[in-house]
Ligand SMILES: *Cc1c(COP(=O)(O)O)cnc(C)c1O
């Protein structure tokens with residue numbers, strides 16, 4: 001029987017993961033791993049975490065049966081795991097609370113993080129306010145311009161947002177700046193990484209802080225359907241919401257696990273962020289994993305309508321699950337994600353985050369040919385943050401005389 005995966009003692013999931021960092025960060029990463037292992041085994045830490053996840057973040061989140069969506073499609077029964085109902089609007093708060101508690105336990109009073117679209121920056125600024133920690137967020141200047149509202153939110157929460165002028169002035173450059181800061185200030189500072197990525201122990205630790213999603217969903221579906229689901233579907237940026245909901249189901253070999261990457265405008269290199277569509281293993285940002293690269297080994301340019309999925313590499317545990325065949329990975333393009341968001345909005349009254357709409361699209365595509373099957377789709381976040389992008393891409397709804405067709 002397959003057991004839920006754990007990295008080996010050097011932080012590898014199969015050949016993937018590991019610790020590819022400057023020498024000065026080796027000891028801090030070992031210290032972090034030790035602190036994390038001690039905290040995981042400490043009932044007091046676990047109780048404080050559980051208490052905050054419940055009373056502050058809003059766990060457990062409901063598992064919701066989409067009756068009208070299911071009937072509209074006429075096939076598999078579709079359930080949503082409602083991470084969109086959490087405080088700050090997405091699953092990211094689970095990990096932010098966990099790491100902030102750990103930083104406090106380690107005596108680190110300064111938190112740094114990087115952010116692309118600003119969602120992880122907002123989650124980090126939120127928990128820093130909650131625990132009274134100093135918060136520095138690195139963000140590319142181009143991203144700051146595109147995400148002004150999130151920059152304002154972070155500042156309102158008391159964080160300092162540092163604009164990064166290097167390179168393409170986006171996420172990749174912000175990560176490099178955050179790493180530079182950490183190297184310099186590692187004794188006082190915790191680096192609060194936002195996805196199941198980076199050097200060991202981050203992919204394992206971030207996964208663990210999110211695995212409540214799968215544990216809750218598994219218990220709820222057993223109660224609601226009297227059996228396990230046939231398929232669990234989640235979108236995959238770095239991979240944290242997907243691994244969080246997959247993990248409890250890995251030993252259930254009859255349960256299909258489906259990760260949905262960003263198919264962007266097309267599957268030509270530079271037009272998407274689907275790492276398993278032409279990506280190859282390489283080392284970047286602390287670990288060995290699948291990434292999109294140019295023929296000479298440089299990180300490729302990526303694109304997705306959804307900022308949270310627009311990233312050049314995927315977490316190492318997904319790389320292993322992919323090679324093992326335990327999870328399958330597919331992609332959804334920008335247009336199909338936008339259509340799925342409208343379908344969900346009009347059949348269920350739920351506007352999904354654009355990231356989550358990629359997973360919803362996959363369920364919509366599969367359901368009609370699988371009557372009798374049961375799906376769980378991870379609704380990783382709510383769509384409020386994406387209103388501007390929806391408006392830009394659905395101009396017909398924004399016209400004064402718009403009268404949309406209903407389902
Ligand atoms: C950030 C984000 C994602 C992508 O990150 P993962 O680590 O792959 O989960 C997905 N959905 C939402 C709503 C997000 O904010």
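Taken together, 245, 233 contain a single residue that is surrounded by 24 or more Cβ atoms within 10 Å (Cβ to Cβ), more than 16 Å from residue 330 (Cα to Cα), touching a helix residue (DSSP H, G or I) at 6+ places or on another chain (Cβ under 7 Å) and at pLDDT 95 or above, which is 245. Does the stretch 377-385 contain at least one residue that is modelled with pLDDT under 95 and in contact with a helix residue (DSSP H, G or I) (Cβ under 9 Å, 6 or more places away or on another chain)? For the stretch 377-385, residues modelled with pLDDT under 95 and in contact with a helix residue (DSSP H, G or I) (Cβ under 9 Å, 6 or more places away or on another chain): present. In the condition set (1) within 19 Å of residue 383 (Cβ to Cβ); (2) at pLDDT below 95, residue 61 is compliant with all but (2). Looking across the stretch 375-399 at every residue that is crowded, with 21+ Cβ neighbours inside 10 Å and more than 13 Å from residue 119 (Cβ to Cβ), the one that is farthest from the ligand (Cβ to nearest atom) is identified as 375. No other residue among 260, 255 is more than 16 Å from the ligand (Cβ to nearest atom), modelled with pLDDT of 95 or more and buried (at least 18 other Cβ atoms within 10 Å of the Cβ) apart from 255. For the stretch 276-289, the candidate set comprises residues that are part of a loop (DSSP other than H, G, I, E, B) and under 27 Å from residue 25 (Cα atoms); within that set, the residue that is modelled with the lowest pLDDT is 285. Being closer than 24 Å to residue 147 by Cβ and in contact (Cβ under 8 Å) with a residue 12 or more places away in the chain: is that true of residue 341 here? Answer is yes for this residue.
Would a scan of the stretch 238-261 turn up a residue that is under 16 Å from residue 206 (Cα atoms), under 17 Å from the mean Cα position of the chain (by Cα) and outside any helix (DSSP H, G or I)? Yes: the stretch 238-261 contains one or more residues that are under 16 Å from residue 206 (Cα atoms), under 17 Å from the mean Cα position of the chain (by Cα) and outside any helix (DSSP H, G or I). From the list 251, 229, which one is touching a residue at least 24 places away in the same chain (Cβ under 8 Å) and touching a strand residue (DSSP E or B) at 6+ places or on another chain (Cβ under 7 Å)? None of the others qualify; the one that does is 229. Between a residue in the stretch 173-188 that is surrounded by fewer than 18 Cβ atoms within 10 Å (Cβ to Cβ) and any residue that is modelled with pLDDT under 95, which pairs come within a Cβ distance under 6 Å, given they are 6 or more apart or on different chains? Correct list of pairs: 183/24. The set of residues from the stretch 112-138 being more than 21 Å from residue 172 (Cβ to Cβ) and not in a helix (DSSP H, G or I) comprises 132, 133, 134, 135. Go through the stretch 41-81 and give me each residue that's under 19 Å from residue 341 (Cβ atoms) and assigned to a loop (DSSP other than H, G, I, E, B). Listed by number, the list holds a single entry, 66.
Could you please let me know if residue 329 is within 16 Å of the ligand (Cβ to nearest atom), modelled with pLDDT under 95 and crowded, with 17+ Cβ neighbours inside 10 Å? No, not satisfied. May I ask you to list the residues in the stretch 75-85 that are within 10 Å of the ligand (Cβ to nearest atom) and surrounded by fewer than 24 Cβ atoms within 10 Å (Cβ to Cβ)? 84 - this is the single residue of the stretch 75-85 that is within 10 Å of the ligand (Cβ to nearest atom) and surrounded by fewer than 24 Cβ atoms within 10 Å (Cβ to Cβ).
The values are calculated or read from the model by the stated rules, or taken from the named source; none is laboratory data. As the structure is a prediction and not an experimental result, all values here were calculated from the model. Cβ: placed from backbone, ideal geometry, glycine included. Neighbour counts: every protein chain shown.
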